[in-house]
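As structure tokens, the structure follows; a few thoughts come after it.
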Amino acid sequence: MKILLIRRDNIGDLILTTPLIATLAGQKNTSVDLLVNTYNKDVLEGNPHIGKVHLYCKSHHRKPGQTLVGVYLQRLKTILSIRLARYDVAIVGSSDKRPLLWAKLSGAKRIIAIGNESPECVTDQVLPLKNVHIVESLNALATPLGINETPGPLELYVSEHEVAQMAAKYPLKKDLPVYGLQISARKPKQRWQIDKFIELAHRLCAREACQLVLFWSPGASDNPEHPGDDLNAQRIISACEDINLTAIPTRSIRELMAAMSLCDQIITSDGGALHIAAGVHKPVVALFGNSDACYWGPWQVPCAVIKAPEENVGLLEVDDVCRQFIELREKVLTPA
């Protein structure tokens, strides 16, 4: 059986689909290809469960020098490639209607999608599940194929070479714990104040000998496509010259994956970075504002999920965050 899984969404959405990919690929005589976008594709590198990866370029993701006409021509090539593959099944990994067009264009005999009122092209409608994690919801897309397996962990594959390169560039002592502080968040109510990150950093270093690694979305804050936190990162760097803090400006998803692999524990707000941390199997302290922690929380890793009052991460106090960070660390170190 040849399956096309369509997941042209955000980075975190694709990472959260990796358990479904593993479930599908684990079936006898089954191959799984994906249609993803040029922005999120790097999280699939090295994944042994995937055959061919078809790429979709969103117009605002085109590279410097790439024309809009060139983008549309590449889409036509992708459509032709998908059509010629002759898929038996197309699975749409979101409730968005737009990916269904790609499922129809594939010519697949069966189209599986989540929704209450799916278009006629959907041969197998999967009703949305209530009160479950998104990984469990996505895994339900396998049930029309007679597959009823419990989803496994998130799967990101970082090579030893990538990790070694990052470790060589930013040498960290092996005899001290490494804690990652990821400060960026796309939604305003998911953001924790920079002054609070600075205070947390000093408290952690005062409590024990440790190393802190600073992560952020690179770029200027006024970038209309991908606003960055370079200025906020510099504020933290300047305020933390008296403690053991290393700033790692990651310029790609692969670099962030490799850098997070060096950490023993990470704190971050909800977003793509949270799922990268869980994908490289690190304990995570997750700050949640106006997003559903039960649906989007860290999947199958040791974690502390901190739900903010009034759905605003900015209202979280350093005392509470620091306490839960330490409690998670102690829990991880305590033998089961």
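Are any of the residues in segment 139-155 touching a Gly at 6+ places or on another chain (Cβ under 9 Å), part of a helix (DSSP H, G or I) and in the same structural domain as Leu20 (by TED's automatic domain parsing)? Yes, that holds for at least one residue.
Being over 14 Å from Ile111 (Cβ atoms) and more than 25 Å from the chain's Cα centre (by Cα) is the filter here; which residues of segment 76-92 pass it? Selection gives Leu76, Lys77, Ile79, Leu80, Ser81, Arg83, Leu84, Ala85, Arg86.
Filtering Val122, Val158 for residues that are over 24 Å from Arg110 (Cβ atoms), of a type in the set (Val, Ile, Thr) and surrounded by 16 or more Cβ atoms within 10 Å (Cβ to Cβ) leaves a single hit, Val158.
Of the residues Ser221, Ser252, the single one that is within 22 Å of Val284 (Cα to Cα), within 22 Å of the chain's Cα centre (by Cα) and not aliphatic (A, V, I, L, M) is Ser252. For Ala220, indicate whether it is among the aliphatic types (A, V, I, L, M) and at pLDDT below 95. So Ala220 passes the test.
The values are calculated or read from the model by the stated rules, or taken from the named source; none is laboratory data. Since we're looking at a predicted model, the values are computed, not measured. Glycine also receives a Cβ, built like all others from the backbone with ideal geometry; neighbour counts cover every protein chain displayed.
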